[in-house]
Ligand code: BES
Ligand code: MN
Ligand code: ZN
């Protein structure tokens, strides 16, 4: 695992052997780039012309041992022609920059940030650093051969040259906490399921006490006493006992109502008695990505000392088939009294969330609740890997989440709810059943959850397509993306802080 150490300084001649310079369209240079080009007797402009470098957004060109410059490597990265880059573009640019630095394999590099027409804003410099951190993440804990690997553990010292370096440093402090939260979420999702059961997951969550987060862990007897029969029904097929974790960050006014995040934490989903096919089942180690995102966002809020009261709830179970497992046909009573006919034991996430949501809302009376869950394969059919499904009973919360998605690049797409869909989960023998058939599978799953949230403003994010196995991007080269951490941190920062 690579670890990056950032410093921000005013523009000057790079003191490292490796440097990255951003350029405009067709390799257009700003003041610092022009000075470097002059020092190298025009070597940058010659290279741009020789390689026909267009400076397209995120594209790169490497100059090795550039004559006249005191550098072993100078990489150019394009900013494109667009006048204003969006915030998420600056983060992705950081990813592209980190890609160049990693290729150079050096342990120190200078990033020269400027626009052809002037300075880069300090927040944008911090966004670039955030993108670099996210790009540098790799999950190599279980690679036994490390020393000679490209991805070997190493520290890289990065100097970012930007106009207002003091304000960039400030802006970076908060971004660093967010990057750490994303990396934590990715680690949890990437961990193999033998290592990370409900108990072990809860232990990882407990480590957030170091950041000042209050952590409560409830075991089986407590969950039984609280009447969480829907959650326990899922857990009963596994020898590993369930856990419900409550994370509390009190950065806001004393007594002020908290914001709330609830995560599906199925540490492995075999499907239970309605067992899944073998092909690809290993991916179900990531069925706790919702809970991982909740841990990540709580770490981010605490790490940057957000002025908000926030509660995170993790429903941690393993869905296994054994002699004690739940059967199709079983009827269980959820904590709120709703009786549920189990049609398919593979529709387990909604059972876990039903009790977790009801308990959390009743106990904490939050301003709003957002749940995150790798809930349905159907959402991947509907939206692919590029948007999470958003379901909500509240237009304002929906709009805030959509805007946070645009700002961070963690995109959400609102899907419908309504009484006609709700009918599809009516049961002949119980109040509701746990599947509503193949059509609109993500919607009927959301209708199921809606039965447990009452009037509280609520949004459900189905992250099955975005949290894991999504295509590689400038800012993520690992199987798990950590989706949701930046989105929810942003939701809080823009609307619920201070
Ligand atoms: N964890 C799965 C959903 C999932 C599928 C997540 C693919 C990530 C990738 C969930 O528990 C599940 O099995 N859902 C079923 C519901 C069905 C039985 C109604 C599904 O999507 O097939
Ligand atoms: Mn399932
Ligand atoms: Zn599942």
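Summary of values
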{"read-out": "Global form of the range 181-306, assessed from the alpha-carbon gyration tensor, a/c cut-off 1.5", "value": "oblate"}
{"read-out": "Efficiency of FRET from Cβ geometry, residue 170 and residue 254, R₀ 25 Å, rounded to 0.05", "value": "0.40"}
{"read-out": "Estimated FRET transfer efficiency (residue 144, residue 62; beta-carbon r; R0 35 Å; 0.05)", "value": "0.65"}
{"read-out": "Exposure proxy ranking, count of Cβ atoms within 10 Å, fewest first, for 249, 90", "value": "90, 249"}
{"read-out": "Pairwise FRET efficiency - residue 215 versus residue 26, Cβ, R0 = 60 Å, nearest 0.05", "value": "0.65"}
{"read-out": "Prolate/oblate/rounded label for the range 31-111 (Cα gyration tensor, a/c 1.5)", "value": "oblate"}
{"read-out": "Rounded Å value of the spacing that divides the Cα centres of the range 405-470 and the range 191-239", "value": "24"}
{"read-out": "Inter-label distance, nm, simple model (7 Å from Cα along the C-beta direction), residue 86/residue 426", "value": "4.2"}
{"read-out": "Centroid-to-centroid separation of the range 106-141 and the range 58-72 [C-alpha atoms, Å]", "value": "17"}
{"read-out": "Cα shape, the range 135-217, gyration tensor, a/c 1.5 rule", "value": "oblate"}
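Quick note: the coordinates plus some simple rules give every number you see, no bench work behind them. Since the model is a prediction, treat every value here as computed from it, not as a measurement. As a convention, Cβ positions derive from the backbone with ideal geometry for all residues, glycine included, and neighbour counts pool all protein chains shown.
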